[in-house]
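Presented below is the structure to which this report refers.
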Amino acid sequence: MPIIFSQNKVTQKPSPVISRALAIRIFLSFAVGYFISYALRSVNAALAPLLAADLSLSAGDLGWLSSAFFLSFTAMQIPLGICLDRYGARRTESFLLIIAAVGALVIAMGHSLWMVSLGRMLIGMGVSACLMAPYAYFRRSFAAQRQAQLAMWMLIAGTSGALLATQPALALAQWLGWRQFFVCAAVLLACAASAVFLWTGDHDRQSATQIASNPSVGFLSLLTHPLMLRVIPTTIFFSGGFAALQSLWAGPWLTQVLQMTAAQAGEHLFYFNAALLVSYVTMSVVSSRLEKRGISLARQSLIAFIWFPICLGTMLFWQTTSAWVMWLVLAPGVPAVILMQTQTALAFPRHMAGRVLTTFNLVMFGGAFTIQWGIGLLADLFSALQYSPRNALTMAFACLVILQLCSLTWFLFRRNAEATTATTPQSLT
């Protein structure tokens, strides 16, 4: 049966005012912000030993501290979508990046779990637009056939930030101190806010009539649409699960399960994120060619959904030092999983891009928050049941794999339900 993502695409012409030089400037301005935001999202995986030692944090505390980012990030998605559609990406993102800079300073001054958690939440709030703003901007200002490639390029910028957040971040934090590291982050966030405000322009702004014609299309309408209902579970446990692992639990897995030192774990996280970067670059070229050969974006994502539990399941049983290579094996499937967001946005009308993208993002990062904190709580629970730290974390990972398999079953099951429904994205306009 046909995949729903190949239907109902809106084929509006790109804005004629976007020249090639201007497009490059717009992209680079947004890419800098996403580079920094991704680094800050992922950095706790490398800095976890320093934070735990200085602040006396348990596994559950670490899970909460990192997931606090996703809590505020998720809470911002509904108002963010409205702001992106009403005020445009330039104003929205530049304002929020200043809030992120304040959050970094709060962490730098924090001496307790609640204070650094507050700073982490402010950062999550402040960088909540760093991918959705450019995605919404691109959706309204560039041709539909360029969306997947633009999305991959943004993810390349983000993964470059994740590379910085591994061994280089750990080395810098050990040299300067983790507090000074966050002071530097605050300065970079302020610079990124200036770049977005000064260099992107308002080419994506929507007219008042477009917004007024869709006042009832909100979060609940989008969330209960059949297309969204199909992808919600996979978004939570695959996209959200990956974010939870990359931004925190990959590090403890290497140190607690594979018995690596913090320095070794940071080095191997660097390799993992380098593999992700190569995967995004490769996917930006290969994906369109696969489509021409009849392998749709949705089919590419489905293959990745199958690949993820295979890789994670293998990690559960192969726990020698050399097993870290499974993180490299997992990497090629990540871009196809993330592309589900672009596919969803393309299935809806262009003027709804902000709300559609942020609804999807709310689900994804709500899942990341739940899974990241949940893995920590499960690890503490299994430890209380007399499991070793190594086995406790293994059991927590096993729960994630089971939930991924359940969500994949739902994704396949909903195919028949979508084929019989008369509801389409256009009916929401």
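Residues are listed down the side, and each one gets a yes or a no for (1) among the β-branched types (V, I, T); (2) crowded, with 24+ Cβ neighbours inside 10 Å; (3) in contact with a Cys (Cβ under 7 Å, 6 or more places away or on another chain):
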position: T321; (1), (2), (3): yes, no, no
position: V329; (1), (2), (3): yes, no, yes
position: P332; (1), (2), (3): no, no, no
position: T358; (1), (2), (3): yes, yes, no
position: G367; (1), (2), (3): no, yes, no
position: W373; (1), (2), (3): no, no, no
position: L378; (1), (2), (3): no, no, yes
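Does T74 qualify as being assigned to a helix (DSSP H, G or I), of a type in the set (S, T, Y) and touching a residue at least 60 places away in the same chain (Cβ under 8 Å)?
Considered against the rule, which asks whether it is assigned to a helix (DSSP H, G or I), of a type in the set (S, T, Y) and touching a residue at least 60 places away in the same chain (Cβ under 8 Å), T74 comes out as yes.
With among the aromatic types (F, W, Y) and surrounded by fewer than 23 Cβ atoms within 10 Å (Cβ to Cβ) as the only criterion, which of F305, F237, F242 stands out?
Only one candidate passes the filter, namely F305.
Between residues in segment 10-27 that are within 13 Å of P349 (Cα to Cα) and residues that are assigned to a helix (DSSP H, G or I) and modelled with pLDDT of 50 or more, which pairs lie under 8 Å by C-beta distance while being six or more apart or on different chains?
V10/A144; V10/L346; V10/R350; T11/A144; Q12/A144; Q12/R350
Looking only at segment 41-60, which residues are within 13 Å of V116 (Cβ to Cβ) and touching a residue at least 60 places away in the same chain (Cβ under 8 Å)?
Within segment 41-60, V43, N44, L47, A48, L50, L51, D54, L55 meet the criteria.
Select from segment 158-203 the residues that are out of contact with any Asp or Glu (no Cβ under 8 Å at 6 or more places or on another chain), within 21 Å of I18 (Cα to Cα) and of a type in the set (A, V, I, L, M) and list them in ascending order.
Hits for segment 158-203 are A195, L198.
Out of curiosity, is R230 of a type in the set (D, E, K, R), in contact (Cβ under 8 Å) with a residue 40 or more places away in the chain and either out of contact with any Leu (no Cβ under 8 Å at 6 or more places or on another chain) or assigned to a helix (DSSP H, G or I) (or both)?
yes
From the residues in segment 248-281 that are among the β-branched types (V, I, T) and within 22 Å of the chain's Cα centre (by Cα), which one is farthest from M315 (Cα to Cα)?
V281
Can you say whether T255 is at pLDDT 90 or above, more than 18 Å from F365 (Cβ to Cβ) and not hydrophobic (A, V, I, L, M, F, W, C), as far as the supplied structure shows?
Yes, satisfied.
The values are calculated or read from the model by the stated rules, or taken from the named source; none is laboratory data. Because the structure is a prediction, the values reported are computed rather than measured. Methodologically, a virtual Cβ is constructed for each residue, glycine included, from the backbone with ideal geometry; neighbour enumeration extends over all protein chains shown.
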